[in-house]
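Comments concern the structure below.
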Amino acid sequence: MKKNRRDFLKITSMVSYSLVSAGILNMSASEKDYKNRFNNVTLNYAIATLEDGSLLATPFWRVDSGKKGSSLLLISAQHGNEVQGVEVARQFKEICVKQLVTGSMWIVPMANLLAIRIRRHSIDLGPEQSGNFTNGHDMNLVWPGDVGGNNTERIAYALDQAVVRHCSHAVDIHCYSHCLAANVMVFEDCKPSRLMAHFTTTRFITYQRFGHLDTISFRKMSFRQLMQKRGVGVIGLEFSGQFQMKERQIQIGLKSLVNIAKHLEIIEGEPQLIEGLRAVRSHKSENTYEVYAPCSGIFMPTQRSDRKVTLTTGNYVDKNQLMGHIIRESDLKTVSIIAPVAGYLWQFSSGHPGFDASLPSQHPYTKEGNIIAIIVTV
Ligand SMILES: [Zn+2]
């Protein structure tokens, strides 16, 4: 055997060992790279060298129409406890295989595999710690990554090199606490991004400022800041509920992606907007009403008359509608909670809206004076 052939095999076996340990080689060859009668789909990997020298391969799909056009990125689960976008990615890939007519689609369903494996927001977190406790491992804040940085920065760097920098538009999928409704976030001063947000199907939309240039460290920034800096149209989609998969949220994501693809003309057809008006979340509060618990006790949301559906975030309530009741701790009386205005439920729960990571903060006990609902009028 010639030396260069032997060296090649040696290198190949080393790489294979790392890929096997990363759990990515136990798939059939047909899944790796296949062609159907519609569009090419390629499964590829963004390979990061971690601090201990091992390799981490993050899989992604690329669907290519073979024709010029926009290159749209769907990236989800940058935070390992925000996983509903993974199923959106799987279903949207199938749609693109059949329906992509121009351009290309890049899909990274599980951006932060290390955090997903430990079932937490970021890889340095322990039990019941929300993302606020991470120290330098919040993937969303380390872009464009660092080849010599910590493991999260190295993975982001590999993703940027292999995927992100090739894209003209991007949708970044996250998940809020279950107490908050699905929402799209967009920088208000970027027209391509505003148009993408317009075609999403979340009831809520939040316009943000890009931020003063002198307050942004351009060594590390959020994913959307990086995209905006590069002139890429970008939105953040936030579904309702961490640590879980909910069909209603997945459908919101899928319809939003299809609409954006139609808007970019990489899929044919007219976008289907949501019925009714968007509820706009802004810094101003004229359209936002907080409902406080009138007493302490256990909160129970109301149910539809057939008792099959419980009132939840994103739902519409009429003025004076029953939203639920508190079983008062002092005398066990049932105390009704009534909507003071008509509008959509932005927040709804006795729990703490920031902390799905903590079980006590999901407890239905409320203290008198706590916020139990936030209604946004339209
Ligand atoms: Zn997130």
* Select from segment 241-258 the residues that are in contact (Cβ under 8 Å) with a residue 40 or more places away in the chain, out of contact with any Gly (no Cβ under 9 Å at 6 or more places or on another chain) and outside any loop (DSSP other than H, G, I, E, B) and list them in ascending order. => Leu254, Lys255, Ser256, Leu257
* To do: For Arg281, indicate whether it is farther than 17 Å from Ala197 by Cβ, within 20 Å of the chain's Cα centre (by Cα) and basic (Lys, Arg).
  => no
* To do: Those residues that are more than 19 Å from the chain's Cα centre (by Cα) and over 19 Å from Tyr45 (Cα atoms), I need them from segment 64-93; list them, please.
  => Ser65, Gly66, Lys67, Lys68, Gly69, Ser70
* How many residues are away from the ligand (no atom under 16 Å from the Cβ) and among the aromatic types (Phe, Trp, Tyr) when one looks only at segment 175-198? -> 1
* **Residues of segment 139-163 satisfying the condition of being surrounded by 21 or more Cβ atoms within 10 Å (Cβ to Cβ) and within 16 Å of the ligand (Cβ to nearest atom)** => Met139, Asn140, Val142, Trp143, Thr152, Ile155, Ala156, Leu159
* Considering every residue within segment 97-108, establish whether at least one is under 16 Å from His174 (Cα atoms), away from the ligand (no atom under 16 Å from the Cβ) and in the same structural domain as Arg248 (by TED's automatic domain parsing). => yes
* Of all residues in segment 331-364, count the ones that are over 25 Å from Ser285 (Cβ atoms), modelled with pLDDT of 95 or more and not aliphatic (A, V, I, L, M). => 4
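Would you list the strands (runs of 3 or more DSSP E) that sit entirely within segment 291-378 and hold 2 or more residues that are in the same structural domain as Gly241 (by TED's automatic domain parsing), within 28 Å of the chain's Cα centre (by Cα) and acidic (Asp, Glu)? So that I can check it myself, show each step before the final result.
On the way: elements: 297-301, 322-328, 334-338, 343-348, 371-376.
Of the strands (runs of 3 or more DSSP E) lying wholly inside segment 291-378, none has at least 2 residues that are in the same structural domain as Gly241 (by TED's automatic domain parsing), within 28 Å of the chain's Cα centre (by Cα) and acidic (Asp, Glu).
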* **Residue in segment 111-128 that is crowded, with 22+ Cβ neighbours inside 10 Å, within 15 Å of the ligand (Cβ to nearest atom), of a type in the set (Ser, Thr, Tyr) and assigned by TED's automatic domain parsing to the domain that holds Pro271 present** => yes
* Any idea which of (1) within 15 Å of the ligand (Cβ to nearest atom); (2) under 17 Å from the mean Cα position of the chain (by Cα) is the one Thr134 doesn't satisfy? -> (2)
* Structure fact -> Picking from Val376, Val335, the residue that is surrounded by 15 or more Cβ atoms within 10 Å (Cβ to Cβ), touching a Cys at 6+ places or on another chain (Cβ under 8 Å) and among the hydrophobic types (A, V, I, L, M, F, W, C) would be Val335
* Taking Leu226 as the residue in question, decide whether it is within 16 Å of the chain's Cα centre (by Cα) and within 16 Å of the ligand (Cβ to nearest atom). => no
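The values are calculated or read from the model by the stated rules, or taken from the named source; none is laboratory data. Please read all numbers here as calculations on a predicted model, not as lab measurements. Neighbour counts are summed over all protein chains in view; Cβ atoms, including those assigned to glycine, are modelled from backbone coordinates with ideal geometry.
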